[in-house]
1. First compute the accessible area of the range 192-340 with a 1.4 Å probe, then give the percent of it belonging to carbon and sulfur atoms.
2. Hey, with R₀ at 51 Å, roughly what FRET efficiency would THR317 and SER104 work out to, going by the Cβ-Cβ distance, to 0.05?
3. Return the loop-located trypsin sites (Lys or Arg not before Pro) in the range 92-177 (DSSP other than H, G, I, E, B) with at most 15 other Cβ atoms within 10 Å of their own Cβ; answer none if there are none.
4. Only Cα pairs within less than 10 Å get springs; with that Gaussian network setup on the chain, which residue of ASN190, ASN52, ASN276 has the largest fluctuation?
5. Apply the Karplus parameterisation 6.51 cos²θ - 1.76 cosθ + 1.60, with θ equal to phi minus 60°, to every residue of the range 82-93 and state each ³J(HN,Hα) to the nearest whole Hz, in sequence, with x for glycine and proline.
6. Using the alpha-carbon atoms, what tilt in degrees (0 to 90, nearest 10) does helix 367-384 show relative to the longest principal axis of the chain?
7. Are any of the pairs LYS85/LYS321; LYS180/LYS349; LYS157/LYS200 more than 26 Å apart by Cα-Cα distance, and if so, which?
8. Given a 10 angstrom Cα cut-off, can you work out which residue in LEU293, LEU124, LEU69 is the most mobile in a GNM of the chain?
Amino acid sequence: MEKISNKTARDFLVNYHNLNGNGKLSGSDGVLQYMQKVRCIQFDPLNVVGRNPDLVLQSRIKNYRPELLFDLLYKDRTLLDAADKMISIIPLEDYPAMARIRKSTVDQLKDILTWRKSLGALDLLDEIKDFIQKNGPQPANKINIGENVDSGKWGHKKLSSAALDYLYHSGELGISTKLKTHKVYDLSKNLYPKEILKAKDPFKSEHDFIKWYLKRRIGAVGMVWNKNGGTWLGFYVSDSKVRTKVMQELVEEKELLEYQVEGSKEIFYIRKEDENLIGKPAKNNVAQFIAPLDNLIWDRGMIKELFDFEYTWEVYTPASKRKFGYYVLPVLYKNQFVARFEPEPNKGKTPLKIKNWWWEPGVNVTDEMRDAIKNAFTRFCKYLDAQMPSEKDLTFMQ
């Protein structure tokens, strides 16, 4: 097993995620190239300075704008909203291979519907599909079939909405478009190529699927360890015993490579095809603002181990108990996290306002670092279609 320095591991992750400012990924083609590598970006509807997928992509793709992702999802349809690591965005071509994830998701939904006393939603499936076939794409608020139920705090109040959610996760419905955060549903056969929808599950056994899916999840992060955490959320990868057995099998087949990182007792894994990035320095003078659910920081424990950076997304933490703020973005400089900041909500055109900024303890703030962060704000404001922060808002840079 090869031993590498902590810096080499951090450089690898920065370069893997195109956070090094090399500008090689640009526009729609750049988004698709990045998605070919990671296969999954986690979705979240909260929008303070963009939703999580947009924040992920703005830090990696030159000249990124949210319209690029919208078009790839709902016009070109080369990307797809789907269950993966929670609700995610994946390449459409992965649809056949994800059949077992869809089945596991709807099986779980049946249990949830039973618990929420909403199992009657399953009696409405054919009626809802017929309604959409006759009336065209529909948002949930335009479909009032069946009764309302008391399904608890997090459940759907309308059985028809619960049925739509079930049909969507089964793959029978897709998202025609979105009106802000509201899905507009259509029959999948009206949205996606027949050869994609009719393609058979390519895996002969569950074991074959797990090997593919585990390696795919590793590719979403780049370098992982085999400890329970954010990287391993979801079906088939959360079982540590199964995961350990399959990862060892992939190591023996030389599909995965093992590394010992200086200063850590854990073993780290990368895919064989990414070996060329080991030892490549992340030397560009660049800063990036990182999304709260960014692939790079899915596993908070691993980021603490490698970067000595502790991050908690505090949106669901009561205000009185927050250490930092409601929606806080980490700041990456070269290969280290140097700060974090809380932006005010921005809808474009107006100056970006910074509510709070916190330098990490022990950071040596240099003129070179300040210049890189100012450049990051320039790119960030262009992505938001916002004006640069005022000089007053940038006094933390002094």
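The values are calculated or read from the model by the stated rules, or taken from the named source; none is laboratory data. Please read all numbers here as calculations on a predicted model, not as lab measurements. So basically every Cβ, Gly included, is an ideal-geometry build from the backbone, and we count neighbours across all protein chains shown. SASA here: full protein model, heavy atoms, side chains in, ligands and nucleic acids out. Shrake-Rupley method; radii C 1.70, N 1.55, O 1.52, S 1.80 Å.
1. Its accessible area is 50 percent carbon and sulfur atoms.
2. 0.95
3. Here the trypsin sites (Lys or Arg not before Pro) that fit, given the DSSP loop and packing criteria, are LYS117, LYS153, LYS157.
4. ASN276
5. Computed from phi, the couplings for the range 82-93 are 6, 5, 8, 8, 6, 7, 9, 10, 9, x, 4, 4 Hz.
6. Between helix and principal axis, roughly 20 degrees.
7. LYS85/LYS321; LYS157/LYS200
8. With Cα springs under 10 Å in the chain, the top fluctuation among LEU293, LEU124, LEU69 is at LEU124.
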